[in-house]
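Let me begin by presenting the structure, written as structure tokens, before commenting on it.
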Amino acid sequence: MRLNIFKPKPRPRTHEGARASVITAEQALRRSVLSCMLWEGEFYEDGVQIAGRIHELVPQVEAEKVAALAVEARERMKLRHAPLLLVREMARYPTHRGLVADTLARVIQRADELSEFVAIYWAGGRQPLSAQVKKGLAAAFGKFDEYALAKYDRAGAVRLRDVLFLCHARPVNEAQAALWKRLVDNELATPDTWEVALSSAGRADEGEGKREVAKREVWERLLADRKLGALALLRNLRNLHQAGVNEELVLAALAEMKTDRVLPFRFLAAARSAPQWEQPLEFAMFRSLEGRASSLLGHTVLLVDVSGSMEAPLSRRSDMRRTDAAYGLAILLREIAEKVTIYTFSDETKQVPARRGMALRDALDASQPHSGTYLGRALSQVEAENRGRYNRLIVITDEQSHDTVPAPHGRGYVINVASNRNGVGYGPWTHVDGWSEAVVDYIAELETNIGTPGV
């Protein structure tokens, strides 16, 4: 019997059957992480499957690159849980442990992430925390004041006081020692947050009508006192409307909200839940895009995936969809491109008017039925109609094409907005993962350094 018979590995394929690119472990880890809402299922893969792939890939990638990816996911992509999982996986391996403390201290930016990390660490069973993990948690604990600790000291399997005991953090002064003692003794000052205010609105023995009035009055006080942050305001617009809150207070809050850290797709989701306030939401979205000069010079062709898989929600508890992420990026790219031609693709390829803001979202969404993912066919049509007369082609997609995807004619970018195992946008394509404005900044920075491609 012959044993030395070469058995080639099967070529990777997308979930819809097209030939996918062969990529490195680092590339596979990036695409699994940078669009990942941890343990949340996507259209083609469930969350456990994606988390398992991250577990398998971390030891295959250099420690410095995994640590940098965790920081990028937290600071540039605004993800919270996927970076924590990366650090937890780093803690398993001697090759990676040396970077755990510094990376963990950096990616923990909200007080509840202290307890969430320990819960992730114990997901497979309770075990002692490693020395590097204790060091990182102790360093992160010192970031938070009484308001932050009280706001996020929630009931659960792991409380903040538990984390404090586990990591043996040492206070830097008497004031911090007193603060941590109040945390341990459950004596932190009750924070004036919208969650606390609403939960205490109206007594249980009062009628439903009185409790509703009390809630409306709480909402109006929070708005008048500017106690609702930007994300809380956007997520609660439907609740504000249903509670009958004074509309002038809502409009004033939208006009004055800080938009610098709000991603475009969050405005789109908010407008879908509260369409009566779409116009002020659009004004706020444009404020978030201010200061972005036309950094993509020349002619940009933009191709947006509107297939059925892009309709999947980002998480079980969210009304945001992957199309919101794609449309938000398209709106941003429309603002910074000197000249732009825009198409959608699904079963067909449709050109849409290069409108701005919510009007562009509507044109993209209504352009055609949301069905298959024929990216190869779309690229052929785009090339035939434009005859190469463009400086760059940007595709926003989950990459699960039905058909073969050719190389771009000229400079081509694929922005991947999902965590699926395999993709098609590598090799001659410049591949970018994620849905925050950082992916657009990356394209602009790249062309600043290497120059605008010619026609």
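The numbers here are math on the coordinates, done by the rules we state, and not lab data. These numbers come from a predicted model, not from an experiment. Quick reminder, even Gly has a Cβ in these numbers, built from the backbone with ideal geometry, and neighbours come from all protein chains shown.
Bridges between two residues of the chain, per DSSP, are antiparallel at a rate of about 20%.
Ranking of S307, S130, S318 by neighbouring Cβ atoms within 10 Å, starting from the fewest: S318, S130, S307. For L79, neighbours were defined as the other residues whose beta-carbon sits under 13 Å from its Cβ, and their charges (Lys and Arg +1, Asp and Glu -1) total 0.
First measure r as the distance between the Cβ atoms of K339 and D362, then evaluate 1/(1 + (r/R0)^6) with R0 = 25 Å and state the FRET efficiency to the nearest 0.05. The calculated FRET efficiency here is 0.70. Partners of K143 within straight-line reach, counting lysines whose Cα lies under 23 Å from its Cα and excluding those fewer than 8 residues away in the same chain: K78, K134, K135, K151, K181, K227, K258. Considering the chain at the alpha-carbon level, its Rg and Dmax are found to be 24.2, 85 Å. For the stretch 299-338, trypsin sites (Lys or Arg not before Pro) are listed when DSSP marks them as loop and at most 16 other Cβ atoms sit within 10 Å of their Cβ; the list is R316, R317.
Taking every alpha-carbon pair within the stretch 25-184, the share separated by more than 25 Å comes to 29 percent.
Work out, in µm²/s and without decimals, the Stokes-Einstein translational diffusion coefficient of the stretch 107-171 at 37 °C, 0.692 mPa s, Rh from Kirkwood over C-alpha pairs. In µm²/s, the coefficient rounds to 278. Both radii come from the Cα set of the stretch 296-450: Rg as radius of gyration, Rh as Kirkwood radius; their ratio Rg/Rh reads 0.92. Partners of K65 within straight-line reach, counting aspartates and glutamates whose Cα lies under 18 Å from its Cα and excluding those fewer than 8 residues away in the same chain: E26, E56, E75, E89, D102, D433.
Here the Karplus relation 6.51 cos²θ - 1.76 cosθ + 1.60, evaluated at θ = phi - 60°, turns the backbone of the stretch 101-109 into coupling constants of 4, 5, 5, 5, 4, 7, 7, 7, 10 Hz, with x for every Gly and Pro. Modelled spin-label separation between V184 and A131, with each label point placed 7 Å from Cα along the Cα-to-Cβ direction: 2.4 nm. Farthest toward the positive end of the dipole of the chain, out of V213, A51, A175, is the Cα of A51, where the dipole comes from beta carbon charges about the Cα centre. Taking amide H as placed 1.01 Å from N in the peptide plane, the amide H of G372 sits under 5 Å from that of G308, D347, each at least 5 places away or on another chain.
Loop-resident chymotrypsin sites (Phe, Trp or Tyr not before Pro) (DSSP state other than H, G, I, E or B) in the stretch 404-448 with no more than 10 further Cβ atoms inside 10 Å of their Cβ are absent. What's the local net charge at N391, with K and R +1, D and E -1, over the other residues with C-beta under 15 Å away? Result for the neighbourhood of N391: +2.
What FRET efficiency comes out for K227 versus T95 if R0 is 56 angstrom and r is the Cβ-Cβ distance? Round to the nearest 0.05. After rounding, the FRET efficiency stands at 0.75. Once the chain from E75 to D192 is taken as fully extended at 0.36 nm per residue, the excess over their C-alpha distance is 39.4 nm. With K and R counted +1 and D and E -1, the other residues having a Cβ less than 12 Å from that of L222 yield a net charge of 0. Counting only residues at least eight positions apart within a chain, or on another chain, the lysines with an alpha carbon under 30 Å from that of K350 are K339. Taking each residue as 0.36 nm, the span from S315 to R154 lengthens on full extension beyond its C-alpha to C-alpha distance by 55.8 nm. Once the chain from Q242 to D441 is taken as fully extended at 0.36 nm per residue, the excess over their C-alpha distance is 67.8 nm. Roughly how far apart, in whole Å, are the Cα centres of the stretch 72-112 and the stretch 406-455? Rounded to whole Å, the Cα centres lie 25 Å apart.
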